[in-house]
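Shown next, in structure tokens, is the structure this report addresses.
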Amino acid sequence: MKYVIVVGGQLRNKGAQAMTYTVVDEIKKKYPDKEVVLFASVYRRRDELEKRDLNFRVLSWPIRAKMRIIGPPSSFNVGFVEYSKYLIKGTGISNNQLKEIKEILNNAFMMIDVSGYALSSQRGYMASINYLFNIMIAKKYQIPMILFPQSFGPFNYGKKAEKLIMPLIKKYLAYPKKIYAREYDGLEYLAPFNLSTVEKSFDSVLQSDKDFTISNIYNSKKNIDLNIDIKSNSVAIIPNVKIMNHGDELAQYNIYKTLIHRLLVQNKHVYLIRHSYEDLEICRKIKNEFQNDSNVILLEDDLNCIQIDQLLAQFNFLIASRYHSIIHAYKNGVPTLVFGWAVKYQELLNFFCQEKYLFDVRDQQNEVEVLERLDEMLSNYKNESQVIKNKLKELPNKDLVEL
């Protein structure tokens, strides 16, 4: 049996889950004779329960296990603290699990990285090292590798760290057969490395087939049943803990309250939806401001990305900050008022001619302007939906998995 290894994905964050499921589905369609295995760096006890419903293998892939596989001196030089933990605490997985991983690596057909945003100084030095470890291991085992559409850069690690990590980035980014940058911004950050394998591409979820082959993902169709009835004339709010970190948290909560008040005046039902487990508390805090209003509805359900896609298609429009909630919305022709914090939002909304509905939380928010945009969306969401649907037709129709 030959294996296709997926790295950079996980199950809990619905954006990462969507990218993982998309790639697993595409691989199984193109290579039905191969087994797909997800090596998940973010792996929790809950994943043990969830993976029983999945029709592909999921294995824990901690950084200390990667260090064991790479071996010194490489793993020692790039991660002294983590390597010390490895010496004291071990790999973080059992010997049988490590043996299983090595068996897969020895028989791998391909490795695909589906990280959304990992190789950047904004994510931190060790996050970048952890990312490069995947490439090091692929190279060690001579596994062909593709970096699927994702964000890259900036690479401002500081003088001391840059002396170590920049040569590693240059060396190991030369190994993958194809590198897809999701934004033009990423192309510019990668340009100094003079890589002939880099290409601009849209997000893999955005350009994939609308419908999954469910049996490629789940053992049973019950896993995609959506037993939630959304009232007509509704708007969804999907927050993101990161915008609270990158912007003014109190100001953002006040803007949410103001927007909801305006929506209620317009006789809209407002649903608060989490797109990641991290965002539930934000949804609860917003609901607490409208405890006695039955038209503000908190959905605490932990839906998978397929269910969320079905759910979001039912709204007039969204007020969203999770990148892949916007992707799901656009795939269904649902316009979105966006609060973002990175260039990926700008480039996505620019393509769909929706840039006027984007607010960068790193800037001071003008409440009057935000309300003006909301009013414009309330008046024009049907027209904006058609604009989005027309732009979807312009997406390149190409095979996601190419070797």
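In region 214-232, is there at least one residue being within 28 Å of K393 (Cα to Cα) and among the small types (G, A, S)? Scanning region 214-232, I find at least one residue that is within 28 Å of K393 (Cα to Cα) and among the small types (G, A, S), so the answer is yes.
Of the residues examined, I260 is not one that is closer than 29 Å to L11 by Cβ and outside any loop (DSSP other than H, G, I, E, B). Considering K178, K231, the condition of being closer than 24 Å to I286 by Cα and open to solvent by 10 Å² or more (accessible area, probe 1.4 Å) is satisfied by K231 alone. Per the conditions (1) touching a residue at least 12 places away in the same chain (Cβ under 8 Å); (2) more than 23 Å from I308 (Cβ to Cβ); (3) over 19 Å from the mean Cα position of the chain (by Cα), the sole criterion not satisfied by E183 is (3).
Listed conditions (1) open to solvent by 20 Å² or more (accessible area, probe 1.4 Å); (2) part of a helix (DSSP H, G or I) are all met by L132, apart from (1). State which residue is surrounded by the fewest Cβ atoms within 10 Å (Cβ to Cβ) when the search covers only region 234-256 and only residues that are at pLDDT below 90 and within 24 Å of Q17 (Cβ to Cβ). Going through the qualifying residues, I end up with N245. Only a single criterion out of (1) in contact with a strand residue (DSSP E or B) (Cβ under 7 Å, 6 or more places away or on another chain); (2) of a type outside the set (G, A, S); (3) surrounded by 23 or more Cβ atoms within 10 Å (Cβ to Cβ); (4) in a loop (DSSP other than H, G, I, E, B) is not satisfied by F148, namely (4). Looking at the structure I just gave you, is I165 farther than 30 Å from C305 by Cα, part of a helix (DSSP H, G or I), at pLDDT 95 or above and open to solvent by less than 60 Å² (accessible area, probe 1.4 Å)? Answer is no for this residue. Of the residues making up region 387-396, just one is open to solvent by 60 Å² or more (accessible area, probe 1.4 Å), outside any loop (DSSP other than H, G, I, E, B) and basic (K, R), namely K389.
Within the bounds of region 312-328, is there any residue that is of a type in the set (K, R) and under 23 Å from the mean Cα position of the chain (by Cα)? Yes, region 312-328 contains a residue that is of a type in the set (K, R) and under 23 Å from the mean Cα position of the chain (by Cα).
Does F212 meet the test of being surrounded by 17 or more Cβ atoms within 10 Å (Cβ to Cβ) and either among the hydroxyl-bearing types (S, T, Y) or under 17 Å from the mean Cα position of the chain (by Cα) (or both)?
It is false that F212 is surrounded by 17 or more Cβ atoms within 10 Å (Cβ to Cβ) and either among the hydroxyl-bearing types (S, T, Y) or under 17 Å from the mean Cα position of the chain (by Cα) (or both).
Filtering region 323-359 to residues that are among the polar types (S, T, N, Q) and open to solvent by 20 Å² or more (accessible area, probe 1.4 Å) leaves N332, Q346, N350. In this structure, does Y180 turn out to be more than 21 Å from M67 (Cα to Cα) and not in a helix (DSSP H, G or I)? Yes, satisfied. Return a yes/no flag: does region 286-298 have any residue that is closer than 24 Å to L358 by Cα, open to solvent by 70 Å² or more (accessible area, probe 1.4 Å) and in contact with a helix residue (DSSP H, G or I) (Cβ under 9 Å, 6 or more places away or on another chain). Looking for residues that are closer than 24 Å to L358 by Cα, open to solvent by 70 Å² or more (accessible area, probe 1.4 Å) and in contact with a helix residue (DSSP H, G or I) (Cβ under 9 Å, 6 or more places away or on another chain), one finds none in region 286-298, hence no. With the condition kept exactly as written, say whether any residue in region 53-71 is farther than 28 Å from P239 by Cα, modelled with pLDDT under 80 and surrounded by fewer than 16 Cβ atoms within 10 Å (Cβ to Cβ). Scanning region 53-71 turns up no residue that is farther than 28 Å from P239 by Cα, modelled with pLDDT under 80 and surrounded by fewer than 16 Cβ atoms within 10 Å (Cβ to Cβ). Identify, from the list C353, C305, the residue that is among the hydrophobic types (A, V, I, L, M, F, W, C) and either in contact with a Pro (Cβ under 9 Å, 6 or more places away or on another chain) or on the phi < 0 side of the Ramachandran plot (or both). That would be C305, the only listed residue that is among the hydrophobic types (A, V, I, L, M, F, W, C) and either in contact with a Pro (Cβ under 9 Å, 6 or more places away or on another chain) or on the phi < 0 side of the Ramachandran plot (or both).
How about region 365-386: which of its residues are among the polar types (S, T, N, Q) and open to solvent by 80 Å² or more (accessible area, probe 1.4 Å)?
S379, N383, Q386, listed by residue number.
The values are calculated or read from the model by the stated rules, or taken from the named source; none is laboratory data. This is a predicted model, so every value here is computed, not measured. A quick note on method: Cβ atoms are made from the backbone with ideal geometry, for glycine too, and the neighbour counts reach across all protein chains shown. For accessibility, only protein heavy atoms count, side chains too; no ligands or nucleic acids. Shrake-Rupley method; radii C 1.70, N 1.55, O 1.52, S 1.80 Å.
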